[in-house]
Ligand SMILES: Cc1ncc(COP(=O)(O)O)c(C=O)c1O
């Protein structure tokens, strides 16, 4: 059984670090998750015991670095249940993965081909496709959503047509938190002979993502969002498709032969995408972070977060009519809300006020800059949760919001009091 | 000026400038104006400022856009402070304001209502809100000086 209080002991930042004199209540895991000690230790182990380059040295220490580094591909393979570890490309993170994909797939697309995305995508799943429009004249289309901004398989089907060659969607939106029925969406995509690329930045940390079961063609994610180091992520691709992508970065480690007459020969996937010295310690740390969350169990993580999220929503809905929640019915980890009167740009004042209670949230547009068209507010407060958050954290958030709203009513300095 | 020590008065100043920002409309015929748009990737603030400097005197200054409480009110207060002043006087005000924001010595008499932002450093992530309009004017003054 998963015990959140025992698990919290493994995160040094949750044991002793204060913010504004309070114990840290960290609710910004959608931006990046805190790191457990075992991941930190693994990174330090590389630096202190075998900090050599990979794929280079003919001596035992270098061999250890190689082994630890390549072992992570097998861990990732097991984690997302793909066919082969060579379907795993190490990248710097989701953003880099999507850019590698967009560049690599360019030669397979032509003018007029449609790339289908949604209005809730993160900037990193929007801009690489916008650039392809500028470069080769593809068209961007947006999926239809219902009045709650949800994408159902039926609406997805209505959005599909023969012109669509590529579908790029966030499995879980980083603001609204809807978890898409990717299995059904992938099936429909394939019925149209199109390719589906899933942005798993927010789903991979929270739910079991089985690329074979879901039958997705590409998947991008970042290790730092589940407690791994920054600067490392993954682009998964079904091998034949992956190997068709053109590599953007050329250099050491990805070629097999170079001749003076400017002929060169490059390796097969995944290595052709991994030119240069990689983030070795981060890669090894990612392996540890995956083992850590797999040991806890993805279902346990999801159930725990659902439970504490519901607790906060129930309390907010019963006790604080002044709070507007934009996504109460979604199961994803972000809780997007505003305090009435503080919508739009003023949501930042609520963020600053919550910080004075030790609560870390994010405010603004959350890199989903097309979203305001949908939810009708340019900014919102996002409390995003992870496996170490507790019912007490949620109470702390609700009580702080009540306090802020009450002070506002009495006109006693409200959300600006920290400044005065 | 003594009243400016009262947090409730400071709050009123900030909220008044947020709810009713001064010089808060851009002019359509901006041929005499220098203008700049400042937006931020990390937060919502996105303001455009126009300034008409004639013979080194700031004859008009305007701004508009979407911005948070602190960005809007600090920019509104700035426009009140510098309109009609010479660019050297405006520069002195900007320099003192920046000193205040970054916890150095400053002359509070020059800053008037702008001292409402003296504690922004308590949440350093909001410093950019309190300076976005001030940086905009600085850039416009620099542009004017270069063009001279
Ligand atoms: C849905 C989504 N996609 C992509 C990204 C980008 O991830 P990274 O910054 O790790 O590249 C994020 C991170 O905020 C995200 O939430």
Inset, instruction - Take region A:172-254, drop everything but the C-alpha atoms, weight them equally and run the Debye formula without solvent; then report log10 I(q)/I(0) at 0.12, 0.17 Å⁻¹ to two decimals. - result: -0.41, -0.79
Legend entry - Per-residue mean of C-beta atoms belonging to partner chains within 10 Å, peptide A:336-344: 1
Legend entry - Kirkwood Rh, Cα atoms: Rg over Rh of region A:267-361: 1.17
Legend entry - Order by protection proxy (mean Cβ within 10 Å, highest first), peptides A:12-21, A:179-188, A:42-51: A:179-188, A:42-51, A:12-21
Inset, instruction - Using per-residue counts of other Cβ atoms within 10 Å, averaged over each peptide, order A:193-205, A:291-303, A:332-344 from highest down. - result: A:193-205, A:332-344, A:291-303
Inset, instruction - For every helix of n ≥ 4 consecutive DSSP H residues, a contribution of -39,500 (n - 2.57) applies; sum these over the protein assembly as shown, divide by its total residues, and give [θ] at 222 nm rounded to the nearest 500 deg cm²/dmol. - result: -12500 deg cm²/dmol
Legend entry - Mean separation of Cα contacts under 8 Å, 6 or more apart, over the residue count of region B:3-128: relative contact order %: 23
Legend entry - Neighbouring partner chain Cβ atoms per residue of B:66-72, average, 10 Å criterion: 6
Inset, instruction - With just the Cα atoms of the protein assembly as shown, tell me how far they stretch along each of the three principal axes, in Å, largest first. - result: 72, 61, 56
Legend entry - Convex hull volume per residue in cubic angstrom - Cα atoms of region A:50-295: 123
Inset, instruction - Give, in nm to one decimal, the length gained when the segment between residue A:259 and residue A:61 is fully stretched (0.36 nm per residue of separation minus the Cα-Cα distance). - result: 68.2 nm
Inset, instruction - Sticking to Cα atoms, compute the Rg of region A:38-81 to one decimal and its Dmax as the biggest Cα-Cα distance, whole number, in Å. - result: 11.6, 33
Legend entry - Residue mean of other protein chain beta carbons inside 10 Å, A:348-356: 4
Inset, instruction - Give me the compactness ratio for region B:2-147, meaning the Cα radius of gyration over 2.2 N^0.38 Å. - result: 0.99
Legend entry - Computed over region A:50-295: relative contact order in percent, which uses C-alpha pairs under 8 Å that are six or more apart: 24
Legend entry - Order by protection proxy (mean Cβ within 10 Å, highest first), peptides B:23-34, B:133-144: B:133-144, B:23-34
Legend entry - Rg/Rg_ref, region A:60-133, where Rg_ref = 2.2 N^0.38 Å and atoms are Cα: 1.45
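The numbers here are math on the coordinates, done by the rules we state, and not lab data. Bear in mind the structure is a predicted one, so any value in this text is a computation, not a measurement. Neighbour counts run over all protein chains shown; Cβ positions are idealised from the backbone, glycine included.
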